[in-house]
Amino acid sequence: MTTTDRIKSSFEAQSMMETLGARLISAGDGHCVIEAPILPGSQQQHGFGHAGLTFAIGDNAAGYAALSVMPQDHEVLTSEIKINLLAPAKGNLLIARGKVVKPGRRLVVVTSEVFARTGDEEKLIALMQGTMVPVQA
C-alpha cells in the first residue's frame with residue numbers, strides 16, 4: 001500500500017472528520033492539507049467556526065504529515081500540541097496545512113497553519129506546534 005493510500009484509508013476511518021465534513025486534500029513527503037466547511041453545527045455562539053474545528057483539522061494535518069514520513073509498520077499519536085488562535089474563523093471553509101519540522105524515531109516535531117477562506121481570500125487564523133509519537137502498528 002502506498003503512503004498516500006495508507007493515509008487516505010486512515011483518514012476515512014475517522015468518524016470525527018466525517019462529522020465535521022472534512023476532506024483530505026493531499027498528504028505525503030512530510031506535508032498534509034485538510035479542508036473543512038464551517039457548517040452550522042461547527043460554529044460558536046458568534047457564528048464563527050469553533051476553535052474545536054480549527055484544532056481538530058490542524059491536529060490531523062500535522063499528524064498525517066508525520067505519518068507520511070513513517071515506515072509502513074508505524075502509526076503516530078499526538079503527544080502534545082499547542083494552538084495560537086490569531087483571528088476568528090470567519091469564512092466558508094477552513095484549510096489546515098501540516099508539515100514535519102523534524103522527523104525522528106521517538107518524536108516527530110510538527111506544525112500546522114490553519115486558514116479561513118472566503119471566496120478566493122485566505123486569512124491565517126491559527127498556528128499550531130506539536131509532537132507526534134511513532135508507535136508500532
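The values are calculated or read from the model by the stated rules, or taken from the named source; none is laboratory data. The shown structure was predicted, so the numbers you read here are calculated from the model rather than taken from an experiment. Glycine also receives a Cβ, built like all others from the backbone with ideal geometry; neighbour counts cover every protein chain displayed.
Scanning region 62-74 for residues that are in contact (Cβ under 8 Å) with a residue 12 or more places away in the chain and part of a loop (DSSP other than H, G, I, E, B) yields SER68, VAL69, MET70, GLN72, ASP73. Residues that are exposed (fewer than 13 other Cβ atoms within 10 Å of the Cβ), aliphatic (A, V, I, L, M) and within 22 Å of VAL108 (Cβ to Cβ) do not occur anywhere in region 81-90.
Does GLN45 satisfy the condition of being of a type in the set (S, T, N, Q), at pLDDT below 95 and not in a helix (DSSP H, G or I)? In short, no. A single member of LEU94, LEU77, LEU53 is free of Cβ contacts under 8 Å to residues at least 60 places away in the same chain and assigned to a helix (DSSP H, G or I), and it is LEU53. Pairs meeting the criteria (first residue in region 17-33 and in contact (Cβ under 8 Å) with a residue 12 or more places away in the chain, second residue of a type outside the set (S, T, N, Q) and part of a loop (DSSP other than H, G, I, E, B), beta carbons under 9 Å, at least 6 apart or on different chains) are LEU20/LEU39; GLY21/LEU39; ASP29/VAL69; GLY30/VAL69; GLY30/PRO103. Remark: VAL100 falls outside the filter, which requires a residue to be among the hydrophobic types (A, V, I, L, M, F, W, C), at pLDDT 95 or above, surrounded by fewer than 21 Cβ atoms within 10 Å (Cβ to Cβ) and within 19 Å of LYS8 (Cα to Cα). Can you pull out every residue in region 11-38 that is over 16 Å from ALA96 (Cα atoms) and either of a type in the set (A, V, I, L, M, F, W, C) or within 13 Å of the chain's Cα centre (by Cα) (or both)? Passing the criteria: ALA13, GLN14.
LEU77 falls short of the stated requirement of being surrounded by 12 or more Cβ atoms within 10 Å (Cβ to Cβ), of a type outside the set (Asp, Glu) and over 17 Å from ASP29 (Cβ atoms).
Per-residue answers, yes or no, for (1) surrounded by fewer than 17 Cβ atoms within 10 Å (Cβ to Cβ); (2) of a type in the set (Ser, Thr, Tyr); (3) part of a strand (DSSP E or B):
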site: ASN60; (1), (2), (3): no, no, no
site: ALA116; (1), (2), (3): no, no, yes
site: ILE125; (1), (2), (3): no, no, yes
site: THR131; (1), (2), (3): no, yes, yes
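There is at least one residue in region 14-30 that is surrounded by 21 or more Cβ atoms within 10 Å (Cβ to Cβ) and assigned to a loop (DSSP other than H, G, I, E, B). Taken together, the residues in region 82-121 that are charged (D, E, K, R), more than 16 Å from ILE57 (Cα to Cα) and touching a strand residue (DSSP E or B) at 6+ places or on another chain (Cβ under 9 Å) amount to 3.
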